[in-house]
Amino acid sequence: MLRPKIPTMPQPTGRLVPPAVVVEPTAVIHHAPETLAPMTAPVRPTVRLTPGGVIALVGGGTTVVLVVGAVLVSMLLAVAITGASVAICALVIRSLVSAEHKGH
C-alpha cells in the first residue's frame, strides 16, 4: 500500500552560533545656527472654482450620496427579506414537526 514519507528532522550540530550583529558608528554633526537654511513654507497652488465648477461639484456629490444611499437601502432590504423568509421557513418546519408528533 501507499505509505506517506515522513520528513526527518535535521540533527543538531552540538554548538549554538549566535546571529551576527553589525553595529555601525554614527556621527553627530552640529551646525551653527547661521549655517542652517531658513525654513520657508511650501508654496501651494490655490484652487479657484468657477460657478460651473461649483455646480458640477455639487451635482457629483449629490449623485454619489444618492448612489451610496440606494446601495445601503437595498442591502438592508435584502437582509430584511432574508430574515423574514427564514422565519417563515422555521414556522412551517415547526408546524410540520408538531403535526407529525400529534399524528402518532
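Can you work out the FRET efficiency for the pair His101 and Ile81, with r the C-beta to C-beta distance and R0 = 25 Å, to the nearest 0.05? Each step should come with its number before you reach the end.
Values: r = 31 Å, r/R0 = 1.24.
According to the calculation, E is roughly 0.20.
The string of couplings for the stretch 69-76 from the Karplus curve (6.51, -1.76, 1.60, θ = phi - 60°) is x, 5, 5, 5, 5, 5, 5, 5 Hz, one whole number per residue in order, with x for Gly and Pro.
Between Ile6 and Val54, the simple label model (points 7 Å from Cα in the Cβ direction) yields a spacing of 8.0 nm. In plain terms, the residue of Met9, Met75 with the fewest other Cβ atoms within 10 Å comes first and the most crowded comes last, giving Met9, Met75.
Only the coordinates and a few stated rules stand behind these numbers; no lab work does. Everything numeric in this text was worked out from a predicted model, so none of it was measured. Here Cβ is always computed from backbone atoms with ideal geometry, including for glycine, and neighbour counts include all displayed protein chains.
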